[in-house]
Every structure is written in C-alpha cells, then in structure tokens.
Amino acid sequence: MKDGLSRFTLTTLAAGLCLALPPLASAAPVVEDLSQGSGNFYQRAEVREESGGSLVLFNQVQENQEEIKRLRGQIEELRYQLDQQRKMAQQRYLELEKLVQSNDAAATAAEQAVAAGKAENATTSASESSSGSEPTTSNEARAAYQAAFAKVQARDFPAAITAFEGFVADYPNTGLTANGYYWLGELYSAQTELDKASAAFERVIQDFPQSSKMPDALYKQGLLRARQGKPDESRALLERVRKEFPDSSAAGLANDFLNRSAD
C-alpha cells in the first residue's frame with residue numbers, strides 16, 4: 001500500500017514538473033543583447049542611418065570643392081590668355097603703325113614730322129585762304145607761327161614745343177591755331193609723350209572741326225589710340241576719317257592701316 005502511494009506521488013510530481021518546465025525539444029530563440037551601449041535597437045539604427053547620410057554629404061562637399069578648384073584654374077588660364085592677346089594686339093598695332101608711316105624701319109616720328117613740315121611751310125597761306133570758314137590770321141600771328149615752325153625744321157623739338165605752346169596761348173582763335181595744336185601733337189608724339197600728344201590732337205578735333213588739319217588729326221589720334229593699346233577706339237577714329245574725309249590723304253593712310261590690321 002505504501003509502495004503504491006509512493007509511485008502515485010512520484011508520478012504526480014513528475015507530471016507537475018513537466019507542466020511547469022518548457023519542453024526540452026523547443027530551443028530558446030537567440031536575440032540581440034541590447035543591454036550594452038546607449039539607446040534601444042531603433043535608436044541605434046537611426047544613429048547608423050544618420051552616420052551614413054553625413055558621409056554622403058561630406059563626399060558631396062569634397063566633390064564641390066574639387067570642382068571649384070578646377071573652375072578657378074580655368075578662369076586663371078583664360079585671364080592669362082586674354083592678357084597675352086591684349087599685349088599681342090598692342091604690339092601688332094605698333095608694328096603696323098611703323099609700316100604705314102614709313103617704308104624705312106629706321107624712320108622716326110620726328111623725321112616724318114619734319115618731312116611733312118616742309119610741305120606745310122610752303123602751303124600755309126594757300127590753305128588759310130581756301131577755307132573761308134576759318135578765322136583770319138594777323139601778320140603777328142603768322143610770324144609767330146613761322147618762327148615756331150622754323151624750330152621744327154631745325155630739329156630743335158623742345159624749343160619747338162615751347163614756341164607752339166606759346167603760339168596757341170597767345171593766338172587762340174586764328175586760321176593757324178588748329179595747325180599749332182596739330183604740330184604740338186606731332187612733336188609730343190615724337191617725344192613719346194602720348195597723353196600730351198593725344199590732348200593736342202583732341203583740341204583740333206573738338207575745337208576746330210572745320211580746319212584743314214581735321215582729317216590728319218583724326219588719323220594721328222587713331223594711331224595714338226593703337227599705341228596706347230585701345231584698338232576699338234583706334235578703329236572708330238580711322239573709320240571716321242574714311243567716312244567723313246574720303247578724298248583726303250589721311251583717309252588713304254587710314255584705309256591702309258585698317259587693311260593691314262585685318263590681315
């Protein structure tokens with residue numbers, strides 16, 4: 001009787017243990033231990049995503065910086081090429097001017113002024129009388145002009161500049177005043193004082209548009225602009241000579257210069 005009770009008790013206890021414990025055949029699921037580190041699983045996933053986005057942004061910034069460097073290099077290269085072209089254009093105009101003004105490479109602007117001055121001295125009176133729109137010239141003014149021009153013929157250019165400066169100051173409105181400014185332009189140009197030469201030619205162009213020296217002043221001003229590295233202004237002045245004074249010798253010279261510059 002005791003043995004039966006013992007077996008019944010052991011059987012009951014075994015059944016209770018089987019019900020209390022999970023079946024041994026069922027393996028426990030493997031889960032990630034999130035107890036280590038900060039945040040839960042979703043927070044850690046978000047951190048990894050944000051880290052990847054920052055890397056993409058960093059790479060884009062790097063690429064943009066490289067592109068900016070490349071574009072800056074191209075800009076510097078283009079700037080250098082433009083500067084070189086400007087210098088070449090200026091040099092080209094200088095060479096063209098020498099070819100147009102003289103067939104002798106050794107000729108200077110001063111020598112040309114003297115050569116042209118001989119014709120000027122012989123035709124001053126005729127030029128003055130043929131232009132009725134120009135103001136009259138007194139004997140004193142004419143004598144002062146001839147004295148100044150004599151210094152040009154003597155190749156005493158500093159003295160000639162002083163004399164012509166005095167002439168235009170003393171006789172600001174005569175039939176020879178425009179001629180005085182024109183020869184100041186020639187003399188200053190021969191001395192390579194280009195700003196003063198340009199100012200003198202400009203006085204003829206602006207104040208004495210009816211003067212016989214107008215086409216010559218326009219032509220010489222055009223050459224000066226070329227020497228100063230201003231090809232657009234030079235071309236505009238030379239085109240003006242051809243258009244407004246087509247029958248003048250200056251128009252022929254301007255045409256030669258423009259044709260050579262176009263080659």
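Overview of results
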| read-out | value |
| --- | --- |
| Helices (runs of 4 or more DSSP H) fully within the stretch 102-174 counting 1 or more residues that are modelled with pLDDT of 55 or more and farther than 20 Å from Arg203 by Cβ | 139-153, 157-170 |
| Filtered residues of the stretch 215-245 (kept if assigned to a loop (DSSP other than H, G, I, E, B) and at pLDDT below 95) | Gln228, Gly229, Lys230 |
| Which listed residue is closer than 25 Å to Ala254 by Cβ, exposed (fewer than 15 other Cβ atoms within 10 Å of the Cβ) and not basic (Lys, Arg), from Gln221, Gln206 | Gln206 |
| Residues that are assigned to a helix (DSSP H, G or I) and open to solvent by 10 Å² or more (accessible area, probe 1.4 Å), drawn from the stretch 180-197 | Tyr181, Tyr182, Glu186, Tyr188, Ser189, Ala190, Leu194, Asp195, Lys196 |
| Residue within the stretch 232-255 that is among the small types (Gly, Ala, Ser), open to solvent by 70 Å² or more (accessible area, probe 1.4 Å) and more than 31 Å from the chain's Cα centre (by Cα) present | yes |
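The values are calculated or read from the model by the stated rules, or taken from the named source; none is laboratory data. The model shown is predicted, which means the values in this text are computed figures rather than measured ones. Every residue, glycine as well, gets a Cβ built from its backbone with ideal geometry; the counts of neighbours run over all protein chains shown. Surface areas here come from the heavy atoms of the whole protein model, side chains and all, with no ligands, DNA or RNA. Shrake-Rupley method; radii C 1.70, N 1.55, O 1.52, S 1.80 Å.
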